[in-house]
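Asker: Next up is a structure, given as structure tokens.
The values are calculated or read from the model by the stated rules, or taken from the named source; none is laboratory data. If you're wondering where the values come from, they're calculated on a predicted model, not measured in any experiment. Cβ placement follows ideal geometry from the backbone for every residue including glycine, while neighbour counts extend to all protein chains displayed. In case anyone asks, the SASA skips ligands and DNA or RNA and just uses the protein heavy atoms, side chains included. Shrake-Rupley method; radii C 1.70, N 1.55, O 1.52, S 1.80 Å.
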Amino acid sequence: MPARAMIASEPVLNVLIYSTLAAALAALGGLPFALGGAPRPAWIGGASALAAGLMLGAGYLLMERGLDLGTWAAVAGGGVGVLYTLAARFFTGLHDPHPAENPSPEDGSDRDPTSLVLLQHGLHAAAEGVAIGVAMTLNLRLGVFVALALAAHNVGEALALSDLLVSRGASAGRATGLAVAINLPQPVLALAAFALGPVLAGFLPASLGFAAGALAFLVLTELVPEAYAQTGKGAVALMVSSTAGTVILLESFFLG
Amino acid sequence: MTWGAVLWVFTAGLVTALATGLGAIPFAFLQELSPRTLAISNAIASGLMLGASVGLVSEGAAYGTAPTVVGGALGVGFIVLGGRLLEGREVHFGKVHGAGAKKILLILAVMTLHSFSEGVAVGVSFGGGQALAALITLAIAVHNIPEGLAISAVLRPRGSSLTACAGWSIFSSLPQPLMAVPAFVFVEAFQPVLPYGLGFAAGAMVFMVFFELLPEAYENGGATTVGLWVSLPLAAMILFQRLL
């Protein structure tokens, strides 16, 4: 848990602080390139697997509480979350297994593939922001955990993205800047979801379901396949099962 | 404690085991065995097993967190060790050879061992009061069907017959009645072991999913297809365990 000094008395400030922190930490993913080296693929894969485990755990916690508050609303919300992520995949034409490695639009259009990758990440970041916001609505502990899980995801994503951008001739500084910039929807949507919380209280189970569905589907369609491509399946299996298992065991700690 | 009660528990356990065989039914309609079918079958089995593991971990945590963790680590170790033992050996399973046969053996081992823990869970909960016994039996029986589905989803696309799918599904649940009886009679002795067993089953299942089933699914099908076919059964399992 964060030190007392890192918890603001005004709840909305906590949302701002932790969602911005999660987005800003993406800069860590650009660091290895700024230092003149490229990380080994195994590191990128390990980061994806770690984020996958944490996000699956976060999705489980959000879904559990959503089902508590309204079973069918949470289920419907989960379906919408899956559909949203699915739509982002098809909209950007990046529904092949490893978009970062092979960023070519399948519809044959001449849209710039790099900007499509960026757009897709931006669309994901919006859903991730909602996840932070609704988690904060439930309680601070869960909100901080979801923000940290997404920070881990942002770092791994920034590693992969910088790898792609630098290989296409971008400078490390520009790559890092872009990696942070695409996460800006996170704090914006986190604040919006949190601020709208009291107004849309009846929608809480549905929005918890939405966040859980979007996170889980993102993990299954992006993070896990990417992790397998970058590192051994044993490492992925160990990382995902131990992190997700730990989060589920700590359920009563996070949900109180 | 009467013999009648013991017989009741055994029969209840046996009925729940037989229900597992029903999971093979949807595979009667499976015609061609393309790589895509394999990917979808693996994905369905993964979703069902992940959903089951979530339930096992929550239940284990209710009995004790540390034993669940230890059990989980042992479960992971079991799959790693099992995989190593089978590596480089010529394995047959009926008409199935090679890597497919190894996967079949591993999933049967995992699901059968997991039934030991479930059997203990049944016995312990029966000890808690017989008024709920019929309801618990029904719940477990229904809950076993997706487990048969998961087993059949691994066996059938690799060439096993429908009868074999149903037979092995039932086989995998036979430890349930066998363990339910002693757990019912000696509740106090079995209760402390339960979280280890639940953790073991969850660890073995999750590791099996991410080490054996999902990599093969992504190799044979697109990430979108696999993602959808994992999340649907996963959501159904979580919902199902809640409503039951």
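Asker: If you scan the range A:212-242, which residues turn out to be within 18 Å of B:ASN220 (Cα to Cα) and not in a helix (DSSP H, G or I)? Step through it out loud before you land on a result.
Answerer: Going through the range A:212-242, the residues within 18 Å of B:ASN220 (Cα to Cα) turn out to be A:220-230, A:232-233.
Selection gives A:GLY232 alone.
Asker: I've got another one for you. Of all residues in the range B:83-105, which are in a helix (DSSP H, G or I), in contact (Cβ under 8 Å) with a residue 24 or more places away in the chain and open to solvent by 10 Å² or more (accessible area, probe 1.4 Å)?
Answerer: Passing the criteria: B:GLY83, B:GLY100, B:LYS103.
Asker: Oh, and also: Residues that are at pLDDT below 90, more than 14 Å from chain A (Cβ to nearest Cβ) and buried (at least 24 other Cβ atoms within 10 Å of the Cβ): which helices (runs of 4 or more DSSP H) entirely in the range B:174-244 hold 3 or more of them?
Answerer: In the range B:174-244, B:175-185 are the helices (runs of 4 or more DSSP H) which contain 3 or more residues that are at pLDDT below 90, more than 14 Å from chain A (Cβ to nearest Cβ) and buried (at least 24 other Cβ atoms within 10 Å of the Cβ).
Asker: Is the range A:189-203 home to any residue that is part of a helix (DSSP H, G or I) and closer than 22 Å to B:THR225 by Cα?
Answerer: Taking the range A:189-203 first, the residues part of a helix (DSSP H, G or I) are A:189-196, A:201-203.
Okay, now just the ones that are also closer than 22 Å to B:THR225 by Cα, so none.
Looking through the range A:189-203, none of the residues is part of a helix (DSSP H, G or I) and closer than 22 Å to B:THR225 by Cα.
Asker: Which one of A:ALA170, A:ALA179, A:ALA160, A:ALA190 is in contact with a helix residue (DSSP H, G or I) (Cβ under 9 Å, 6 or more places away or on another chain), away from chain B (no Cβ under 12 Å), modelled with pLDDT under 90 and surrounded by 24 or more Cβ atoms within 10 Å (Cβ to Cβ)?
Answerer: Matching residue, one of A:ALA170, A:ALA179, A:ALA160, A:ALA190: A:ALA160.
This table checks each residue for (1) at pLDDT 90 or above; (2) facing chain B (nearest Cβ under 10 Å).
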| position | (1), (2) |
| --- | --- |
| A:ARG40 | no, no |
| A:ILE44 | no, no |
| A:GLY53 | yes, yes |
| A:ALA58 | yes, no |
| A:ASP68 | yes, yes |
| A:TRP72 | yes, yes |
| A:ALA76 | yes, no |
| A:GLY79 | yes, yes |
| A:ALA88 | yes, no |
